[in-house]
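See structure below.
Any read-out appearing in this document is the output of simple, stated calculations on the displayed coordinates, not a laboratory observation. Not measured: the values here are computed from a predicted model. Here the Cβ positions follow ideal geometry from the backbone for every residue, glycine too, while neighbour counts run over all protein chains shown.
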Amino acid sequence: MSPEQFDALSGKALKALSAGQFSKILPDALAAIDPSKITSLSTTVLAKLKDTQVAGMTPDQIAALSTKQLRSLPSSIGDALTVDQLDGLTGGEARVLAPKLKRAILANLTPEQEALLPAEVLSALKK
C-alpha cells in the first residue's frame with residue numbers, strides 16, 4: 001500500500017491490524033497516518049514497532065499517543081527518537097518516555113531545542 005492509501009484507512013481499520021501485519025508497514029506509510037488516527041493503534045502493535053518505524057513517525061504522531069501507548073513502545077526507541085519528536089511532549093508524556101531515552105540525544109541538542117524540551121526530559125537525559 002502507498003502512504004496515501006494507508007492514511008485513507010479508518011481508525012477502526014488500523015485498530016484491526018495485527019502486530020504481525022503492522023510490522024511489515026514501511027516507515028513512510030506509518031508517517032502518513034493522520035495523528036488523530038494513530039491513537040487507534042493498540043499497545044500490542046505499538047510494542048512491536050521497529051526502530052525504523054518509530055524514527056519515521058512525525059512529532060505530531062508521537063504527541064498524539066496516550067501515556068499508556070507511549071509506555072508500550074519498545075525500550076529500544078531511545079536510539080530511534082529524534083529531538084524533533086520530543087518537542088511536542090507534555091511533562092507526563094516525558095516522564096513515561098524518560099527511562100527509554102538515551103543520553104546521546106542530549107549531545108545533539110542545540111540550546112534552542114534544549115530550551116523547548118520539558119524539564120522532565122532534560123532531567124532524565126542528564127542522569
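Observations on the structure shown:
- Segment 3-126 - percent relative contact order, Cα under 8 Å, separation 6 or more: 21
- Set 68/100; 37/100; 50/100; 37/68 screened for pairs whose C-alpha atoms are more than 22 Å apart: 37/100
- Phi to ³J(HN,Hα) by Karplus 6.51 cos²θ - 1.76 cosθ + 1.60 over segment 4-15, Hz, x for Gly, Pro: 5, 5, 5, 5, 6, 5, 6, x, 5, 5, 5, 5
- Projected label distance in nm at residue 82 and residue 4, using a 7 Å step from Cα toward the beta-carbon: 2.3
- Pairs of C-alpha atoms in segment 3-126 farther apart than 17 Å represent 54 percent of all such pairs.
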